[in-house]
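What follows is a short report on a single structure.
The values are calculated or read from the model by the stated rules, or taken from the named source; none is laboratory data. In this text, all values refer to a predicted model and were calculated from it rather than measured experimentally. Every residue, glycine among them, receives a Cβ derived from its backbone with ideal geometry; neighbour counts consider all protein chains shown.
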Amino acid sequence: MKQFELSLSNAAIEKINSITKNTMCNFKLRIYITGGGCSGFQYNFIFDKKENIDDIIITKLGVSIIVDPISFQYLTGGKIDYQENLKGSKFVIFNPKAKTTCSCGASFSV
């Protein structure tokens with residue numbers, strides 16, 4: 001297993017736990033990056049139980065996250081948070097590799 005250089009806030013850990021604790025399917029949060037959005041690359045989040053052989057998996061305080069190796073290179077050194085405000089609630093990534101981000105924070109460029 002590779003060294004996972006992506007941290008999780010307590011809010012993210014609590015939210016992932018609250019979503020996955022009542023399932024019997026052992027879901028994990030998968031984070032992946034695709035082309036798109038205002039700035040070129042876009043963050044995507046899904047709950048997944050399938051693990052590919054080359055996936056990078058980190059478990060912290062009972063919460064597991066899956067990242068594919070291509071997405072991992074863009075996320076290294078980042079932090080995942082979960083935010084709730086008047087605009088709604090969502091997982092957010094603070095990415096030190098992002099040179100620019102769009103105003104909503106869903107996409108970035110490197």
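The set of residues from the range 28-76 being out of contact with any Asp or Glu (no Cβ under 8 Å at 6 or more places or on another chain), under 23 Å from ASN10 (Cα atoms) and among the hydroxyl-bearing types (Ser, Thr, Tyr) comprises TYR43, THR59, SER64, SER71, TYR74.
Exactly one residue among ILE65, ILE16, ILE53 is of a type outside the set (Phe, Trp, Tyr), over 20 Å from VAL110 (Cα atoms) and in a loop (DSSP other than H, G, I, E, B), and that residue is ILE53.
Close Cβ contacts (under 6 Å, 6 or more residues apart or on different chains) running from residues in the range 45-62 that are within 23 Å of SER89 (Cα to Cα) and free of Cβ contacts under 8 Å to residues at least 60 places away in the same chain to residues that are of a type in the set (Lys, Arg) and assigned to a loop (DSSP other than H, G, I, E, B) are absent. Go through the residues of the range 77-84 one by one and say whether even a single one is modelled with pLDDT under 85 and among the aliphatic types (A, V, I, L, M). The answer is no, given that none of the residues of the range 77-84 is modelled with pLDDT under 85 and among the aliphatic types (A, V, I, L, M).
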